[in-house]
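What follows draws every value from the coordinates through simple rules; no lab data is involved. As the structure is a prediction and not an experimental result, all values here were calculated from the model. Reconstructed Cβ throughout: ideal geometry from the backbone, glycine too, with neighbour counts over all protein chains shown.
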Amino acid sequence: MSPTDTQTQRFGRSSYAGFRATIKAVGTGPRGSRALAFEEARDAMRGILAGEVSDAQAGAFMIAMRTKGEEPEELAGLAQALRDAAASTEPSGREPVACAGAYDGVADSPQLSLATAALAAAAGAPCVVHCGGSLGPKYGTTPADVLAALGGPGRPSLEQSRAMLDASGVALVHAGEAIPGWDRLARIRDEIGLRGPVHSAEKLVDHLGARRFLVGYTHQSTVPACSGRWSGWAPSPRWRCAASRAPTSPRPARPQASGAASLEMPQRLDLRLPPGGASAEESAELTRAILGGEEDGPAAVAVVLGAMLRLRAAGACDTVEAGVERARAAVASGAATATLARLLESCA
């Protein structure tokens, strides 16, 4: 049943019409809640994006889903609604790898997503980094903030994003520009201040024609939904998804991928980013230094390992060692710095 359907569901003396029935399904506690079917979750998100659901109902739904916890089918439905709403902008040439970390940004260490994508692109793996504006509870630095600090647009239009990809092999897509209704959804999420299922679903949108995904995660429970059961609901057999924690994470770093064996990433127990340096300006300065070969500390190692994962996701290398070698060669040859320069020039 669509969240805007006028049909009424009756439970004893109570009746629940429209989106209230959806809220009841997921929000009646451990004994009464149930998982939504794919279609129900998709229709719920469609209604929210289209403005057919009030702010109060949208907030109640997201809190209820956070409390219940999402199942893979629910996450798939939410992601499909986001994909359906997103503007279709197929790129020319090779398909990029879509890369997304937490949309609420990075607060305790440098934001290196743009540096990593630029290095991967320079080494042969086109990348699309997508994000939104800074969100609570973290209010961290986003890749868009770093792009702005580098002299690019803090909220590129879709035309600018496409131009970045065509010119340099790397692009940044802002969800607020790409998905109608996103800004309202982000405002509601910010008011709630809790992570929820959208934090996972938003990472699976195929911006600029991406069919391969590298998804950053923190909690192990995210992995089955994002990758382990991907093949059951991927829109196309050509889609591939891998989930990975950062190489600087204190937890085991074993990226998992659908349709392939787990990717074993080197675990450096001594690899910890120093605290601080998380502002957009500091992250931009570090991005230039890493891509230019002037920085070779933990941050540079993390960027090289991240680029290797993107190369693996793109099918551009067969082993960890080969990917690391290609990434380091792109820095040494000046290709990484040139890629960043083309990116910034394309949206000037």
Please report LEU82, LEU36 as a ranked list, fewest other C-beta atoms within 10 angstrom at the top and most at the bottom.
-> LEU36, LEU82
Long-range amide H partners of ALA98 with built H, under 5 Å = VAL128, ARG211, ARG212, PHE213, LEU214
Listing ARG195, ARG34 from the residue with the fewest other Cβ atoms within 10 Å to the one with the most, what is the order?
-> ARG34, ARG195
Sorted from fewest to most neighbouring beta carbons within 10 Å, what does the list HIS174, HIS130 look like?
-> HIS174, HIS130
For labels at GLU294 and SER333 in the simple 7 Å Cα→Cβ model, what's the distance in nm?
-> 2.3
Which trypsin sites (Lys or Arg not before Pro) does the stretch 64-123 hold that lie in a coil by DSSP with at most 16 other beta carbons within 10 Å?
-> ARG94
Residue-by-residue Karplus 3J(HN,Hα) for the stretch 126-133, coefficients 6.51, -1.76, 1.60, Hz, glycine and proline x | x, 9, 10, 9, 10, 6, x, x
How far apart, in nm, are two points set 7 Å out from the Cα along the Cα-to-Cβ line at THR67 and at ALA17?
-> 2.5
Normalising by the residue count of the stretch 8-69, find the relative contact order in percent from Cα pairs under 8 Å and 6+ residues apart.
-> 35
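For an R0 of 35 angstrom, estimate the FRET efficiency from the Cβ-Cβ distance between LEU194 and GLU281 and round to the nearest 0.05.
Efficiency, from the Cβ-Cβ distance: 0.75.
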FRET efficiency, ASP318 to SER54 (Cβ-Cβ, R0 41 Å, nearest 0.05) = 0.20
